[in-house]
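Quick notes on the structure that follows.
Each reported figure results from applying straightforward, stated rules to the coordinates on display, with no laboratory input. Since we're looking at a predicted model, the values are computed, not measured. Ideal geometry is used to build each Cβ from the backbone, glycine not excepted, and the neighbour counts take in all protein chains shown.
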Amino acid sequence: MKSKSTKWMIGIVIIAVAIISIALTQLSSNVVYFFTPDEAQAKAAELSDQNIKVGGMVVPGSVEWTAEALDLAFTISDLKGHEIKIRHKGTPPDMFKEGQGVVVEGIITNDGKSMTSRKLMVKHSEEYKKPGSHSGDLSKELLEKSLFKDQTSKP
Amino acid sequence: MFDKPRLSLVATIIAMIVQWLLAWFWVPVDDAQGDVYRIIYLHVPAAFAAFTSAFVLAVASILALRSPNSSKLDLSKAATEVGLVFTILTLATGSIWGKPTWGTWWTWDARLTTTFLLALMYGGWLLLHNAIPEGPSRVRSCSILGLMIAVDVPIIYKSVTWWRTLHQPQTILRSGGSTMDGDMLALLLSGIAIMVIVCLSMIFVRRQNIRLQESLEEKSLRGVV
């Protein structure tokens, strides 16, 4: 009886250690949820045959939307000079607009200059304000901080 | 007809309904998201209730581990069941919120994945509890799993700070103050307080249920009833 419960305990502890170590090593370094534009461009050649996610800000003035063809084109940027042109088929989410944070899932070209999107997601900030009470600066600052967290290269 | 915990549960549910009416009709709309953001007044309180259940489970597990031979798992089981309900509610409301704002029902980012893991582990606890016959061995195994479940909670909470996620970072408890307007924040905090009380009341009532059930089963086994 005693040895059986000890075995259970050892088993559970091993599983716990495994889960925690996988979480700490895999999630933090090897598997990032999305790349920043500069990371994606630096590794574009090796990433171009996989489905990847890239997060960035939609460059103001870059959005071209053809409603009849459901064709969306825009550029994302890390605001430090790295830009990727995005091509997306389908309607964008409601919150999609210029200056918004987005995470694009799709295939990047070898040169890292453009990407075909299969899934387009909006990343919004943690700011909640009633209409007319904010300038948008805080929201942008928060979004930038969250999007480009642990970015490997600096401008 | 109503005993004290049941009466307080009814009172809290009335408070919760008032809270929801305020969330629907009184609190201002969010500038960036529009009316859809109002689901935050259910989503965030539900998450805090799921965390509270894990805290109760952790305390119950530590107490049970100190004397596995004489301990019962009634409190742990009640906390796990209530925690599972609130975790599923958190995932469901988050998903419904995510579709119109993010443009997706689900994505495997760190916040969502660790919360999904919490639901799995709550469910796993109930399976484990069913799989082992009553006795010190069950108390030990379930209590260790209970502690592991509690460890997931700070990981969920900090996931948006530690890793890049689609989910936005913390709104309330962050350095530099909350990023929410005063009225919105006040209603959200009261919503969290109410939901935590609802959660604790549910755990308490469910624990009484479990005890009643166990004593009835015991009596029927002995042929008293």
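Any chance you could run the full-extension gain for B:ALA186 through B:LYS4? It's 0.36 nm times the residue separation minus the Cα-Cα distance, nm to one decimal. Intermediate results must be reported in sequence, preceding the final value.
On the way: separation 182, 0.36 × 182 = 65.52 nm, distance 2.83 nm.
Stretched out fully, the B:ALA186 to B:LYS4 stretch lengthens by 62.7 nm.
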| field | Loop sites in the range B:159-225: chymotrypsin sites (Phe, Trp or Tyr not before Pro), DSSP, at most 15 other Cβ within 10 Å | value | none
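Using a 10 Å cut-off on Cβ to Cβ distances, tally the other chain neighbours for every residue of B:26-34 and report the average as a whole number.
Numbers: counts 0, 2, 6, 4, 6, 10, 12, 4, 3.
For this peptide, the per-residue mean of nearby foreign Cβ atoms is 5.
How high is the FRET efficiency from B:ILE13 to B:LEU127, r the C-beta distance, R0 41 Å, rounded to 0.05? Working shown, then result.
Details: r = 30 Å, r/R0 = 0.73.
Plugging the Cβ-Cβ distance into 1/(1 + (r/R0)^6) gives 0.85.
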| request: With everything on Cα atoms, drop me the angle between helix A:2-22 and the longest principal axis of chain A, reported from 0 to 90° to the nearest 10. | output: 20 degrees
| field | Cβ neighbours within 10 Å from other chains - mean over B:98-105 | value | 6
| message | At 7 Å along Cα-to-Cβ for each site, give me the label-to-label distance between B:THR161 and A:ILE20 in nm. | response | 1.9 nm
| request: Can you figure out the FRET efficiency of A:ASN110 with A:SER62, using R₀ = 25 Å and their beta-carbon distance, to the nearest 0.05? | output: 0.70
| said: Placing unit charges on C-beta atoms (Lys and Arg positive, Asp and Glu negative, everything else neutral), compute the dipole magnitude of the range B:79-225 about its Cα centre in debye, rounded to 20. | reply: 200 debye
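For the pairs A:LYS53/A:LYS119; A:LYS80/A:LYS145; B:LYS4/B:LYS72; A:LYS89/A:LYS140; A:LYS85/A:LYS140, note any where the Cα-Cα span goes beyond 18 Å. Each step should come with its number before you reach the end.
Numbers: A:LYS53/A:LYS119 9 Å; A:LYS80/A:LYS145 13 Å; B:LYS4/B:LYS72 24 Å; A:LYS89/A:LYS140 26 Å; A:LYS85/A:LYS140 21 Å.
Correct reply: B:LYS4/B:LYS72; A:LYS89/A:LYS140; A:LYS85/A:LYS140.
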| message | Let me check against my output: what whole-number percent is the relative contact order of chain B, with C-alpha pairs under 8 Å and at least 6 apart? | response | 33 percent
| Quick one: putting +1 on the C-beta of Lys and Arg, -1 on the C-beta of Asp and Glu, what dipole do you get for the range A:3-128 around its Cα centre, in Debye to the nearest 20? | 640 debye
| Relative contact order, percent, the range A:33-147 [alpha-carbon distance under 8 Å, six or more residues apart] | 26 percent
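Taking the mean number of other Cβ atoms within 10 Å as a proxy for protection, how do you rank B:53-60, B:189-196, B:20-27 from highest to lowest? Numbers along the way, then the final one.
Values: B:53-60: 23.0, B:189-196: 19.4, B:20-27: 13.8.
Going by the mean number of other Cβ atoms within 10 Å, highest first, we get B:53-60, B:189-196, B:20-27.
Go ahead and run the numbers for FRET between A:ASN51 and B:LEU221, Cβ-Cβ distance against an R0 of 45 Å, rounding to 0.05.
Taking R0 as 45 Å, the efficiency between A:ASN51 and B:LEU221 is 0.20.
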